[in-house]
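In what follows, a structure is listed as structure tokens, so that the remarks can point back to it.
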Amino acid sequence: MAKKLKRDEKLESLVAENPTILLMGSPNVGKSVIFSKLTNVHVNSANYSGTTVSFTKGDYYIGEKKHILIDVPGTYSLEATNDAEKIAVNFLEKKPELVLFVMHAADLQGSIKLLLEILKRDVPVVAALNLVDVARRQGRSFDIEYMEKELGVPIIPTVAVKGEGFDKLERIVAKTVESPDQNREKIDKNLKTEELWARAEKIKNGAVKYSQKDLSKIDKFGDALLKPWPGVLLTVLILIATIGVVVGLGKVLRAVLLLPLVNDLIVPFFESLIMPLDIPDILKGVLIGEYGIFRIGFEWIIALVMPYVIIFQLVFTFLEDSGILPRIAVLSDSLMSKIGIQGGSLINIMLGFGCTVPAIIGTRTASTKKERLVVTAALCFSIPCISQIGALITLVGDYSYFMLLLLVLVGLLMFVISSLVTGKLVSGTVSPMIMEIPYLLPPERSSFTRKFLVRVKQFILEAEGPMLIAVVFAALVTETGFMEKVSVLVEPIVSGWLGLPKEASLSLLLGVIRREMSVAPLLALNLSPLQMFVGAVVSLLYIPCLSVMGIIAEEFNARTAIGIFVLTTVNAILVGGLINHMVRLVIV
């Protein structure tokens, strides 16, 4: 069993559950994969810095004795320059029973330097030299005995995603727990950082052997992605391919499988059950009417959203596990820095296309509060989650792919404007990008499949509930006539300013619960192309979900959450109305 813990949870509560083993290492080294295999609990692991921001604990057994294994946030040092490093230092100060340290075979000097810092804390250590398959591919081999002698700790070569070396690793961990003081290296606690780097370089030079080996095709491709040419072209092609695959396969999945399943099988089945019942007509309407729970519940949730969620998570998981995303981030750094966002934050922004909540949590790795606020604002004002993207594709794609492109341009323009404005309003600085570039790796099949299935499951568990609430709410307010009264109140905004039918008022109400639900009611209306585009723009820019508001209040404060709630609402209605009136002026 594993448990995700909040940053402010008291460490003492974990220490009380001793014996405790800390899993430590730098980002991109495979700690979360090792944690998953040792505890038999899956934890989302991505091939880029900042995935594990909060820490995770799980049960790990040595014989019949239970130990608490804690996956500590990845860190490059123990100087505690950000939240992740502070958590790592706090755990070390509690004197764990053992540190299972994961070394990066492709970045050995940095790993050794961090290991030396840990050894200064005088705790027992076992080291796993991970990613040795990448090092071999590049013509490097290691003198393990030399490293063990110099560092005074057991070192076991591993390939985490394939489980190589785990039997020996677990044997050594068990032996070290039984005899923790055996061969422990004593490090001078007064050694300065530059001295640690010098010693790490000396050990690395003595341990690594090189052989002449041409770069593999995958390494050549990885290097090309980091250069302006052909990196920019390759990035554009990757993004076009990603959009094409998500839109194309999503539409196919929707049209071929999910729509027929809903319209020809599921909805008729519930109609046959409910219509013969001797119940009031208003209740029949709530259950199976035009906006009935058992009609739109399946049409909106299954046929409208799920196909695009499934395909997006499939593609995004591949981009993560292959190491392509960090290269795109590095390549875009100079451009993004012009709008006040460093390239490394692009990863959180891309994650926001999946779900805004983990993307905002991921900003904890940012070195300044200003950077966190700028990225959070950009996410809330301009980045739609995948379920909302699916709904917008269904709405706009049926009219014109050119309009879909225009909608993308509106989102991009709002991304730039919101970043620039927030950067001007918030005091502070945005630090230059510092990011370790992982090597390109073909995703390991079982790990890739497991992560994909977990993400789809998380979407079902976390998003479908609020969506179902929105469906029930829509059925009640429409079938009871309450929506008619609301429509009269907001008609000056919906019809007068936005130029939409008064029935579109339902979109604004449902969008408060779930952003993509602001799109769904528009599908049932006979909209003109202009009305459709205005409705899509309002839905794109509308307030984030209630869950997003909650995480903003938790990560920052309630005032920030309320401010974003109000400003995104005003912005969406303002921009939608401006587009409506400007186009009408041009047409007239």
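See the values below:
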quantity	calculated
Probe 1.4 Å, protein heavy atoms only - accessible area per residue of the chain in square angstrom	45
Tensor-based shape of region 477-521 (alpha-carbon gyration tensor, a/c under 1.5 rounded, otherwise prolate or oblate)	oblate
Computed [θ] at 222 nm, deg cm²/dmol, the chain (DSSP H ≥ 4; -39,500 (n - 2.57); rounded to nearest 500)	-18000 deg cm²/dmol
Flagged links, alpha-carbon separation over 24 Å, of Lys95/Lys120; Lys37/Lys66; Lys251/Lys284; Lys66/Lys175; Lys168/Lys217; Lys86/Lys424	Lys251/Lys284; Lys168/Lys217; Lys86/Lys424
Cβ-placed point charges (K, R +1; D, E -1), dipole of the chain about Cα centre in debye, nearest 20	1040
Projected label distance in nm at Glu201 and Leu574, using a 7 Å step from Cα toward the beta-carbon	5.4
With every protein chain in place, the chain: carbon and sulfur % of accessible area (1.4 Å)	63
Signed unit charges on C-beta, dipole axis of the chain, positive-most listed residue Val305, Gly465, Leu131	Leu131
Overall form of region 458-567 per C-alpha gyration tensor (a/c, 1.5; a/b vs b/c)	prolate
Options Gly285, Ala241, Val262, ranked by Cα towards positive dipole end of region 238-299, top entry (Cβ charges)	Ala241
Span-rule helices in the chain, defined as complete DSSP H runs reaching 30 Å or more along the axis (Cα) with Kyte mean at least 1.0	228-253, 401-425, 558-587
Mean separation of Cα contacts under 8 Å (6+ apart) over length of the chain, as relative contact order %	12
Residue-span extension gain [Lys175 to Leu277] - 0.36 nm each, minus C-alpha spacing	29.8 nm
Anisotropy class of region 255-332 from Cα gyration tensor, a/c 1.5 cut	prolate
Stretchable slack from Leu425 to Gln458, in nm (0.36 nm times residue separation minus alpha-carbon distance)	8.3 nm
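The values are calculated or read from the model by the stated rules, or taken from the named source; none is laboratory data. This one's a predicted model, so the numbers in the text were calculated from it and none came from an experiment. We place every Cβ from the backbone using ideal geometry, glycine too, and count neighbours over all the protein chains shown. Each accessible area value is taken on the protein alone, full model and side chains, heavy atoms only, with ligands, DNA and RNA left out. Shrake-Rupley method; radii C 1.70, N 1.55, O 1.52, S 1.80 Å.
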